[in-house]
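Here's the structure, in structure tokens; my notes come after.
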Amino acid sequence: MNVSGQFTVPAPREVVFNTIRDPRTFVSLVDGVTNLQEIDPTHFTATFETKVAYMKFKFNVAVEVTRIEAPGEIEARIEGTPLGIIGRLTATTRTSLRESGSDTMVDYSVDATLAGKLGSIGQPVLRSKAKDMEKQFAEKLRATFAPEAVR
Amino acid sequence: MIPFELAEPKSLAEAVKLLDPDDGLVRPIAGGTALMLMMKAGVFRPKRLVSLSKIEERYSAIAADKDGLRIGAMTTLSALEQSAEVKKHAPVITRTLRTLSNVRVRNVATVGGALAHADPHMDLPPVLIALGASVTVAGPRGERTLLVEDLLSGYYETVLEKNELIAHVSVPSQGRRRASYLKVTSGSADDWPALGIAVALDGDNGAVKSARAPQPPKPCG
């Protein structure tokens, strides 16, 4: 399953890149992520909790940053093991930053697979959730640079 | 499994009172076929389940008049499948039910549960939408009626308040309309639909006068 999209952030590309690249800042922009641990500069673990309707999903997540080309490209591999349910989430993400006047255009693409019982809950649900998360992430990122006027 | 309280009210009104408008961990349970899967998968851990199995029998009955069907929300899918009235007024429902999961599930799963669960891959909702069916919903402030297509608001989500229950489903008679449901599965013919399409057509002298089918979901985000 592929989930992709783009949004604009009112800040120069280098600034946006450094914000996204910093794991602690990045985590603060994603709802439901806690217990971030830095194993080394390219490997991280965390806990991710999210809700779909009345159901609650909790994952142990391992992130490996596989490619960085400042200030325009970040690629990462994510593996999530759900707690209390058999399954596995595997994803690769590609994020590109392009200059758009004085703003930055963020393009992202996530290729994700779900296995086990987690998969039977349905990939459309994950797609819907990913879009919600994109919206929240983009709003928080914009608010970081323009706290008085979230667009 | 984490312990939870099980309430078994004797009436729909009592069931509504036992639900909590502010607590998502208190949920009604009808046939339980879907909810139990979620509980066994560990993604839903209720505080209290309000079983509807002992409420008034009229909520498990199917009534028909010249305009169509009135199906109690606790009617099982098997009862729906075997009903002569359903076959007469909405034969597309009878045909759909033959490959809706297996008989063990159909014997306990209910019409109201199939709608309230709002799973995106279910057979019955698109068929009911194509037929122009509506639901009557009971809550603390009385009843309200809405179209099935307006009931579903997202993946596993409906517009129902946490203390509202579907009381019955009204299905206009197919009459001269021709209706069909086609599903594509990734497994056996009675598996969950990976894709399910329903349409009801009103024709006249070989021409389609009107067609009704569920609309695709609105784009997210």
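The values are calculated or read from the model by the stated rules, or taken from the named source; none is laboratory data. As the structure is a computational prediction, the values presented were derived from the model and not from experiment. Heads up, the Cβs are rebuilt from the backbone with ideal geometry, glycines too, and the neighbour counts pull from every protein chain shown.
Structure notes:
- Where a residue in the range B:155-182 is within 14 Å of chain A (Cβ to nearest Cβ) and its partner, wherever it lies, is hydroxyl-bearing (Ser, Thr, Tyr) and in a strand (DSSP E or B), with Cβ under 8 Å and at least six apart: B:Val159/B:Ser153
- The condition of being modelled with pLDDT of 90 or more and over 18 Å from the mean Cα position of the chain (by Cα) holds for only one of B:Leu165, B:Leu147, B:Leu160, B:Leu201, that being B:Leu201.
- If you go through the range B:91-125 and keep only what is part of a loop (DSSP other than H, G, I, E, B), of a type in the set (Gly, Ala, Ser) and touching a helix residue (DSSP H, G or I) at 6+ places or on another chain (Cβ under 6 Å), you end up with just B:Ala109.
- Residue in the range A:11-32 that is among the β-branched types (Val, Ile, Thr), assigned to a strand (DSSP E or B), surrounded by 18 or more Cβ atoms within 10 Å (Cβ to Cβ) and touching a strand residue (DSSP E or B) at 6+ places or on another chain (Cβ under 9 Å) present: no
- Inter-residue pairs, beta-carbon under 7 Å, first in contact (Cβ under 8 Å) with a residue 60 or more places away in the chain and in the range B:2-24, second among the hydroxyl-bearing types (Ser, Thr, Tyr), 6+ apart: B:Leu12/B:Tyr59; B:Gly24/A:Tyr54
- Contact annotation: no residue pair with Cβ atoms under 6 Å, 6 or more positions apart or on different chains, pairs a residue in the range A:84-96 that is under 18 Å from A:Ala115 (Cα atoms) and in contact (Cβ under 8 Å) with a residue 24 or more places away in the chain with a partner that is buried (at least 16 other Cβ atoms within 10 Å of the Cβ) and among the aromatic types (Phe, Trp, Tyr).
- Yes/no for B:Ala79 being assigned to a helix (DSSP H, G or I) and either of a type in the set (Asp, Glu) or farther than 15 Å from B:Leu165 by Cβ (or both): yes
- B:Leu128 meets each of the listed conditions (1) in a helix (DSSP H, G or I); (2) farther than 17 Å from B:Thr96 by Cα; (3) of a type outside the set (Ser, Thr, Tyr) apart from (2).
- Hits in the range B:31-56 - residues which are among the basic types (Lys, Arg) and within 14 Å of chain A (Cβ to nearest Cβ): B:Lys40, B:Arg45, B:Lys47, B:Arg48
- Any hit, the range A:142-150, residues being within 13 Å of chain B (Cβ to nearest Cβ) and surrounded by fewer than 19 Cβ atoms within 10 Å (Cβ to Cβ): no
- The residue of the range B:177-207 that is farthest from B:Asp123 (Cα to Cα), among those that are in contact with a strand residue (DSSP E or B) (Cβ under 7 Å, 6 or more places away or on another chain) and of a type in the set (Asp, Glu), is B:Asp202.
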